[in-house]
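Novice: Take this structure first; my questions come after.
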Amino acid sequence: MPPADLPDAPVLPRVGWRRLRSMWRRWFLWVMLAVLVTGLLITVVWLAGRHEIEQVQQRLERDTADATVELRAALARNLQSLQATDADAQRFPAEAAQLLRNHREWLRIERRDASLALLAAEDTPYRPHPLDLQQRPSSLPELVQACTAAERQRGGAYAPSHYLPMPGGGGVEVLEVCLPSRHGGYLIALYSLRSMLTELLDARMTRGQEVSLLELDGTRLASIGTARRAGNRIFTAQQALELPGLTLMLRVDGWRSAPDLFPNLLTGLVTAMSIALVSVLVLLARDTRRRLRVEHDLSNTLAFRKAMEDSVLTGLRARDLDGRVTYVNAAFCDMVGFTAEELLGHADEMPYWPPELAAEYRNRQHVRQASGITAREGHESVFRRKDGTRVPVLIFETPLIDDRRVQTGWMSAIVDLSEQRRIEELSRASQERLQATARLATVGEMASLLSHELNQPLAAIASYATGSLNLLETPPLPGQEAEDRRQLALAMRRIAEQAERAGRVIRSVHDFVRRRERAREPVTPRQLFEAVMPLVQLQARKLDVRIELHVPAGLPAVVCDRSLVEQVLLNLARNGMQAMDRPELRRRVLTLSAAPVVAGGESRRWVAFSVADEGTGIDAEVQERLFTPFFTTRRDGMGLGLSLCRTVVEQHGGALEHAPNQPRGTVFRFTLPAAGAAAPAAPAAPTISSPSSPCNP
């Protein structure tokens, strides 16, 4: 071989390999596609066959369940028929014979006494040979058990099935049911299991199927229907037939040939569509370039829409690089009152710009376009609605970028600030009104407290002064000069005490308004009652009210602001007496009392003060507003007494409550901490068992 021919020898193998590799690349995808389509067809056919098999099985199970319900209902109707023929001994033969003619599934109906001794029996007219009764005693134990169960549940009960030989050879599988008789003893019906299936089930159950009754262990007792043919597939379904005293299994065996290659029209259609899919894929390959161009345009559109969707709750406005409006959403149109057609295309001057600010807005827009600002920025502005009203807005503007990362305009998100400005203005006005109200309330509270709290001391001073004047104007009786001087001196001391008390009230009210800590001291409950008793007695004599005071000895002292607590007792006592100021009330008794209360152990000791009247009580609608300031049921009342009483008690850490009094009236109770007890917080006050209730505020 010449040397020049040596390098040419391996060229052909290289060319053949390249061609083979090119062919492999060309056909590989199509071969894989063909394999996938073939696998798809095989899977679809297999799944269709499986689906058809599952449908047959589900239909068979549904039919079995329906047959079980039908058989159980038919047996229940038979029991009702048997119970309806429960006649005396004379009519039993005729009615039993008629019943046997109507029910072919029954072989025999017997009448037995309580010991199951046979009294009478009737056989079915549809069997030529009588039953072999000599073989039946073997079933008596189960029959005794069934009759016992029937007697206990007062209904029919079934005995286990057994085989009963026939005189001419062979035999039948029978089932006995026992029913208590109204005339004593039992009625017993003998079923033929095969006849029971034939007569009580629909004939459609035996078309292409075999229906059987089985024991729970699977022993076949009786069966009817079509026998299995060779080459067919068996489908089986079982349902429990639960009867009183007995449970059997109803089994249905269905025969069906193997499914066809294409079991239904859907499978054929899927196969045809799979073949068409291959053809469509060839056409789609030619359309790839055109789809790429469409996808490019679609990505730009999606990017544009996504930028708008980020702020769908605000007004959106898109402009190009020349400032021309290219898009507005519905929120922006509602904000300015113009339609989208009226806004699109505008560039230099927008219809929603205020005329006096149009030049400023135009210059600002030109500066932004010339500078090429691309950073996000937000600024406040003012727009003019179509009706001429102005709306403050907050504008957030961001560059509008396409898929090539090139800016094509601006996207603006506009927020309407009208509601925010209105709320801010309302908030400022409310703050100013609250401040003014607080100042007025402080002044009013001071005036109301002074007028209300000073009313009782001043009234007492006036009463003592009048009494003193009366003593001075009345000529003294012989021997009464010393007594008159003593009473006059007592009245002067009382006037001085009430004047001092009025001073304390002023100081206490002043401290109460300024919310300062009051001077508190230990005071015994009796001292508190004795301090207000003179004023209480004055009004009690005027209203013809008898005062009863119950203060046990040994009560601990309470730590309190004495003047405020005395005022609380006086207000509650006056309310109670005024509640009894009714002409129809003959018994008018006001009870003042004090009692110890222990809450949370010995470290939390309290003293409960009670003021109970025997008035008309408090209406339900009044109770809801009882402690409301300035609410009163009296014409001359100020409506502050009970409200201030509760405030004073709660500031001492106690609680003021009310409840109906027995037999009538209302009782008010409030608690104060005992001296030496742990200082309680206001919520820690004890709950009084029979809460107190105010009289007439």
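The values are calculated or read from the model by the stated rules, or taken from the named source; none is laboratory data. Everything numeric here is computed off the predicted structure, so don't read it as measured data. All Cβ positions, even for glycine, are placed from backbone atoms using ideal geometry, and neighbour counts span all protein chains on display.
Novice: Give the residue, chosen from Gly49, Gly16, that is at pLDDT below 85, assigned to a helix (DSSP H, G or I) and surrounded by 15 or more Cβ atoms within 10 Å (Cβ to Cβ).
Specialist: Within the list Gly49, Gly16, the selection yields Gly49.
Novice: Could you tell me whether any residue of the range 546-557 is buried (at least 16 other Cβ atoms within 10 Å of the Cβ) and under 50 Å from the mean Cα position of the chain (by Cα)?
Specialist: No; the residues of the range 546-557 include none that is buried (at least 16 other Cβ atoms within 10 Å of the Cβ) and under 50 Å from the mean Cα position of the chain (by Cα).
Novice: State yes or no: is Arg59 part of a helix (DSSP H, G or I) and within 18 Å of Thr236 (Cα to Cα)?
Specialist: yes
Novice: Moving on to the next point. Please go through the range 179-208 and pick out each residue that is assigned to a strand (DSSP E or B) and either aliphatic (A, V, I, L, M) or not assigned by TED's automatic domain parsing to the domain that holds Gln145 (or both).
Specialist: Passing the criteria: Leu179, Leu187, Ile188, Ala189, Leu190.
Novice: Go through the residues of the range 318-331 one by one and say whether even a single one is at pLDDT below 85 and either part of a helix (DSSP H, G or I) or not assigned by TED's automatic domain parsing to the domain that holds Ser412 (or both).
Specialist: For the range 318-331, residues at pLDDT below 85 and either part of a helix (DSSP H, G or I) or not assigned by TED's automatic domain parsing to the domain that holds Ser412 (or both): present.
Novice: Give me a count of the residues in the range 332-362 that are more than 16 Å from Glu397 (Cα to Cα) and touching a Ser or Thr at 6+ places or on another chain (Cβ under 8 Å).
Specialist: So the answer is 2.
Novice: Something else now. Given the residues Leu131, Leu99, Leu107, Leu75, which is the only one that is at pLDDT below 85 and of a type in the set (A, V, I, L, M)?
Specialist: Criteria check complete, one pass: Leu131.
Novice: Also, I was wondering about something else. So, in the range 168-201, how many residues would count as being at pLDDT 85 or above and surrounded by fewer than 17 Cβ atoms within 10 Å (Cβ to Cβ)?
Specialist: Residues that pass the stated criteria total 1.
Novice: I need a count of the residues in the range 667-677 that are more than 20 Å from Thr647 (Cβ to Cβ) and either outside the structural domain of Val649 (by TED's automatic domain parsing) or in a strand (DSSP E or B) (or both).
Specialist: Selection size over the range 667-677: 2.
Novice: Collect the residues in the range 209-227 that are in contact with a Leu (Cβ under 8 Å, 6 or more places away or on another chain), part of a strand (DSSP E or B) and free of Cβ contacts under 8 Å to residues at least 60 places away in the same chain, keeping them in residue-number order.
Specialist: Ser212, Leu213, Leu214, Arg220, Ala222, Ser223, Ile224, listed by residue number.
Novice: Hand me the list of strands (runs of 3 or more DSSP E) wholly inside the range 357-438 holding 1 or more residues that are surrounded by 10 or more Cβ atoms within 10 Å (Cβ to Cβ), at pLDDT 80 or above and among the basic types (Lys, Arg).
Specialist: 377-384, 390-401
Novice: Within the range 69-114, how many residues turn out to be part of a helix (DSSP H, G or I), more than 57 Å from the chain's Cα centre (by Cα) and basic (Lys, Arg)?
Specialist: Of the residues in the range 69-114, 1 are part of a helix (DSSP H, G or I), more than 57 Å from the chain's Cα centre (by Cα) and basic (Lys, Arg).
Novice: May I ask you to say which residue of Arg587, Arg541, Arg574, Arg526 is among the basic types (Lys, Arg) and not in a helix (DSSP H, G or I)?
Specialist: Going through Arg587, Arg541, Arg574, Arg526 in turn, the sole match is Arg587.
Novice: Which condition breaks for Leu41 when tested against (1) touching a residue at least 60 places away in the same chain (Cβ under 8 Å); (2) surrounded by fewer than 16 Cβ atoms within 10 Å (Cβ to Cβ); (3) closer than 15 Å to Gln238 by Cβ?
Specialist: (3)
Novice: May I pose another question? Which numbered condition trips up Arg204, out of (1) modelled with pLDDT of 85 or more; (2) among the basic types (Lys, Arg); (3) surrounded by fewer than 16 Cβ atoms within 10 Å (Cβ to Cβ)?
Specialist: (1)
Novice: Let me ask something else. May I ask you to list the residues in the range 558-590 that are closer than 16 Å to Val649 by Cα and of a type in the set (A, V, I, L, M, F, W, C)?
Specialist: Val558, Val559, Cys560, Leu564, Val565, Val568, Leu569, Leu570, Leu572, Ala573
Novice: Looking only at the range 71-119, how many residues end up being in contact with a helix residue (DSSP H, G or I) (Cβ under 7 Å, 6 or more places away or on another chain) and exposed (fewer than 15 other Cβ atoms within 10 Å of the Cβ)?
Specialist: Here the count works out to 1.
Novice: Which of (1) surrounded by 15 or more Cβ atoms within 10 Å (Cβ to Cβ); (2) at pLDDT below 75 is the odd one out, the single condition Arg515 does not satisfy?
Specialist: (1)
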